[in-house]
Amino acid sequence: MSTQRGRLTRAQRRALDTLLPSYEQRATPYPRPAPLGVEIGFGMGEALEQWALAQPDWNLLGIEIYPSGVGALLNRLEQAGFENVRVAVERAEVVLEERLAPSSVREFRVLFPDPWPKKRHHKRRLLQPAFISMLAHRLEPGGALYVATDWAPYAEWALENLSAEPLLVNTSHGFSARDDRRLVTKFEARGKRLGHDIFDLCFTRRPETS
Ligand SMILES: C[S@@+](CC[C@H](N)C(=O)[O-])C[C@H]1O[C@@H](n2cnc3c(N)ncnc32)[C@H](O)[C@@H]1O
């Protein structure tokens, strides 16, 4: 696991060393079958913790490659005593490809993905057409994909890519109203401080597809 970005606090390091095996998706199965919700790029994990509080009857998976954020989430999970949350410390593209079955996810949340504003970096953006197709195939028919961003050009680009995916249907015309189930994340707060508008997108998988 890379530690390039962000220095780990002692508590985050301890969490990664001692708690990760109990929460790692591959190592520890969920205690019971339940609808599956997946947050991709959960950052410091505050929204995922809130999701777990709001939906204790679901199984949740957080995917993140940023070690400080994983450590921070593990500490939150331990303190709250959640048994229905797992983490995968790997690129989401790999986790979806190798570890999530088709039609197995009730809801994906992608909150404030890295915007990669420079044109030559656009290929690094997460919501590429091929990745969107993978998200769509992992959703249950009728399942939902939520995206939020504070970067207007990313929002337009994501709307175009999501609208082009044949398995998905936009639940709004264009952008959606803010999903108030969502906590204000670190990056949403940062975007607001910078005076950015926030854009929400919600697509569902066509119910008749399997
Ligand atoms: C801009 S931050 C947003 C974090 C958090 N969702 C928030 O709103 O505060 C984007 C996060 O996505 C993670 N990330 C970027 N590419 C990823 C990938 N391919 N798989 C999983 N996580 C990724 C980064 O490590 C980072 O923590």
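Does SER133 meet the test of being assigned to a loop (DSSP other than H, G, I, E, B), over 23 Å from ARG13 (Cβ atoms) and away from the ligand (no atom under 14 Å from the Cβ)?
Details: assigned to a loop (DSSP other than H, G, I, E, B): no; over 23 Å from ARG13 (Cβ atoms): yes; away from the ligand (no atom under 14 Å from the Cβ): yes.
In short, no.
Table: residues versus (1) part of a helix (DSSP H, G or I); (2) surrounded by 17 or more Cβ atoms within 10 Å (Cβ to Cβ).
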| position | (1), (2) |
| --- | --- |
| LEU159 | yes, yes |
| GLU165 | no, yes |
| HIS173 | no, no |
| ASP180 | no, no |
| VAL184 | no, no |
| ALA189 | yes, no |
| ASP197 | no, no |
| LEU201 | no, yes |
| GLU208 | no, no |
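Looking across the stretch 94-107 at every residue that is open to solvent by less than 30 Å² (accessible area, probe 1.4 Å) and away from the ligand (no atom under 12 Å from the Cβ), the one that is farthest from the chain's Cα centre (by Cα) is identified as LEU100. For the stretch 38-64, the set of residues classified as touching a Gly at 6+ places or on another chain (Cβ under 6 Å), surrounded by fewer than 22 Cβ atoms within 10 Å (Cβ to Cβ) and under 18 Å from VAL105 (Cα atoms) consists of TRP58 only. Would the stretch 65-78 turn up any residue that is open to solvent by 30 Å² or more (accessible area, probe 1.4 Å), within 16 Å of the ligand (Cβ to nearest atom) and part of a helix (DSSP H, G or I)? Checking the stretch 65-78: at least one residue is open to solvent by 30 Å² or more (accessible area, probe 1.4 Å), within 16 Å of the ligand (Cβ to nearest atom) and part of a helix (DSSP H, G or I). Summed over the stretch 142-155, residues that are farther than 21 Å from THR185 by Cβ and open to solvent by 20 Å² or more (accessible area, probe 1.4 Å) total 1.
Out of GLY45, GLY81, GLY41, GLY37, I need the residue that is at positive phi, away from the ligand (no atom under 13 Å from the Cβ) and not β-branched (Val, Ile, Thr). Which one?
Numbers: GLY45 fails: away from the ligand (no atom under 13 Å from the Cβ); GLY41 fails: away from the ligand (no atom under 13 Å from the Cβ); GLY37 fails: at positive phi.
Just a single option satisfies the conditions, and that option is GLY81.
Output the number of residues of the stretch 48-64 satisfying the condition of being outside any loop (DSSP other than H, G, I, E, B) and either over 24 Å from SER103 (Cβ atoms) or within 16 Å of the ligand (Cβ to nearest atom) (or both). Counting residues in the stretch 48-64 that are outside any loop (DSSP other than H, G, I, E, B) and either over 24 Å from SER103 (Cβ atoms) or within 16 Å of the ligand (Cβ to nearest atom) (or both) gives 10.
Scanning the stretch 93-114 for residues that are in contact with a Phe, Trp or Tyr (Cβ under 8 Å, 6 or more places away or on another chain) and part of a loop (DSSP other than H, G, I, E, B) yields PHE112, PRO113.
Taking every residue in the stretch 100-126 that is among the acidic types (Asp, Glu) and at pLDDT 95 or above and pairing it with any residue that is within 15 Å of the ligand (Cβ to nearest atom) and not in a strand (DSSP E or B), at least 6 positions away or on another chain, the pairs with Cβ-Cβ distances below 8 Å are ASP114/GLY41; ASP114/ARG124; ASP114/ARG125; ASP114/LEU126.
The values are calculated or read from the model by the stated rules, or taken from the named source; none is laboratory data. The structure displayed is predicted, hence computed values, not measured ones. We place every Cβ from the backbone using ideal geometry, glycine too, and count neighbours over all the protein chains shown. Protein only, heavy atoms only, side chains kept; ligands, DNA and RNA dropped before computing areas. Shrake-Rupley method; radii C 1.70, N 1.55, O 1.52, S 1.80 Å.
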